[in-house]
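So the structure is just underneath, and the comments pick up after that.
The values are calculated or read from the model by the stated rules, or taken from the named source; none is laboratory data. Just so it is clear, the model here is predicted, and its values are computed rather than measured. Cβ atoms come from the backbone with ideal geometry, glycine included; neighbour counts cover every protein chain shown.
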């Protein structure tokens, strides 16, 4: 009789033989059997061996409403009966047109309790992931700066530890040496200014406490002053920055670095004062992830900041399909209008731009997002996470706990009283996440920061389990 290998064993062998995983040291990967996900419902994932896990990072920050949501599945089924994809080059489609209108109306909606701002966004350029959405914003801002006379040689300013994607242009805006140094010969230069990392800010005079460093900080907004000095120095040279690029409210891949309240509004005003465009990377933060409460589709609206360009991806389709969008204002669009022979066309495109399936999923996701039930679930989950995370302050190796909406980061340190970090070579974050996986919770660290970003459908009881497992994993591992 011929022995038949279990499905998970066969799939593990195929993975090891043929697949190259992103941001992964493959030598270490090949030493262990991978977790092979085959099924999911709500906040729960199931592997090929039948084990269940809570998805504590929304499948790398993409899933909003939980897996196998019936409304999004139904929207995809309806669209599949029509057509899966047709080109946006020379053709239009029903779901992409409807989605573009929905996005523009949503982002131009005035914030509750504020004076309605003049609608700023007017056009949507569809692409397929966050990196390309940022690449589109970069190219549009570059061309617009030249055509509007803002700059002859446009330069961009972004934050220290910034990560805006993996295309060459997006990498050029990034400042994480671990990710970007090896590509330095391919990149153009961009300016860098300190990010408001209160926990490790050299200007923060507060001693370590058992609370979010933003709450106990003692400073005079020196980080804002650094932004002003950076813009002024560039202007003095006669070549002002053409655009300021930022993630609003919290920097993701930098290590879940949250911005103290008021920082974004202050630096946006400085950038505007120097004539710079604003490019908001909302790939992670949009769609209620960083703000929770409606109607703020965009995180930057939390501080009444209205950018010139917005990059959207990840949660755009609810986490179902790769799709992205870059939104911009009427003035930018107008700068690309002209006769055919003027060649003012925006020479950029993607084969799957405006994909009908992705657009159908996104429309369904936005409908769910705006429902009272979704809003209530998000508020309940944010509160549950905050309460549960506060119990981690008793752990010696927890240095900082920071939460923005439904994004949380727990920074691990060797000693909370000194803030001494673990060397990355010790893989503290990786080992803790591995211990969590053994207990049925999946997430991925950013260096020494454990990220918790569950789907919005995660119940308070599930949130409690996620944090309890994290506590156990830290105690066991460190």
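Of all residues assigned to region 322-332, at least one qualifies as being touching a helix residue (DSSP H, G or I) at 6+ places or on another chain (Cβ under 9 Å) and part of a helix (DSSP H, G or I). With respect to the conditions (1) in a helix (DSSP H, G or I); (2) more than 30 Å from residue 250 (Cβ to Cβ); (3) touching a residue at least 40 places away in the same chain (Cβ under 8 Å), residue 351 lacks only one, and its number is (1). Residue pairs whose Cβ atoms lie under 8 Å apart, sitting 6 or more positions apart in sequence or on different chains, and linking a residue in region 174-188 that is more than 14 Å from residue 158 (Cβ to Cβ) to a partner that is at pLDDT 90 or above, are 178/424; 183/168; 183/171; 186/168; 186/171.
One residue stands out in region 411-442 among those that are part of a loop (DSSP other than H, G, I, E, B) and touching a helix residue (DSSP H, G or I) at 6+ places or on another chain (Cβ under 6 Å): the one that is farthest from residue 255 (Cα to Cα), namely 439.
If a residue has to be over 20 Å from the mean Cα position of the chain (by Cα) and under 21 Å from residue 285 (Cα atoms) to count, how many in region 350-362 make the cut?
So the answer is 0.
Yes/no per residue for (1) within 19 Å of residue 367 (Cβ to Cβ); (2) over 24 Å from the mean Cα position of the chain (by Cα); (3) not assigned by TED's automatic domain parsing to the domain that holds residue 278:
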site	(1), (2), (3)
296	yes, no, no
301	no, no, no
307	no, no, no
320	yes, no, no
330	no, yes, no
336	no, yes, no
343	no, yes, no
348	no, no, no
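When the residues of region 210-224 are filtered to those that are assigned to a loop (DSSP other than H, G, I, E, B) and in contact with a helix residue (DSSP H, G or I) (Cβ under 6 Å, 6 or more places away or on another chain), which remaining residue is surrounded by the fewest Cβ atoms within 10 Å (Cβ to Cβ)? Among those that are assigned to a loop (DSSP other than H, G, I, E, B) and in contact with a helix residue (DSSP H, G or I) (Cβ under 6 Å, 6 or more places away or on another chain), it is 210.
Within region 112-125, is even one residue on the phi > 0 side of the Ramachandran plot, modelled with pLDDT under 95 and more than 24 Å from the chain's Cα centre (by Cα)? Yes, region 112-125 contains at least one residue that is on the phi > 0 side of the Ramachandran plot, modelled with pLDDT under 95 and more than 24 Å from the chain's Cα centre (by Cα).
Checking 291, 285 one by one, the residue that is on the phi < 0 side of the Ramachandran plot, at pLDDT 95 or above, out of contact with any strand residue (DSSP E or B) (no Cβ under 6 Å at 6 or more places or on another chain) and part of a loop (DSSP other than H, G, I, E, B) is 285 and no other. Residue 169 passes every criterion in (1) free of Cβ contacts under 8 Å to residues at least 60 places away in the same chain; (2) surrounded by fewer than 20 Cβ atoms within 10 Å (Cβ to Cβ); (3) closer than 16 Å to residue 277 by Cβ; (4) touching a helix residue (DSSP H, G or I) at 6+ places or on another chain (Cβ under 8 Å) apart from (2).
Just one residue in the set 384, 408 is in contact (Cβ under 8 Å) with a residue 40 or more places away in the chain, in contact with a helix residue (DSSP H, G or I) (Cβ under 8 Å, 6 or more places away or on another chain) and within 27 Å of residue 167 (Cα to Cα); that residue is 408. Answer yes or no as to whether residue 205 is closer than 29 Å to residue 417 by Cβ, surrounded by fewer than 14 Cβ atoms within 10 Å (Cβ to Cβ) and assigned by TED's automatic domain parsing to the domain that holds residue 134. So residue 205 passes the test.
Filter region 294-309 down to residues that are within 22 Å of residue 63 (Cα to Cα) and touching a helix residue (DSSP H, G or I) at 6+ places or on another chain (Cβ under 7 Å) and give me whichever is surrounded by the fewest Cβ atoms within 10 Å (Cβ to Cβ). Here the residue is 294.
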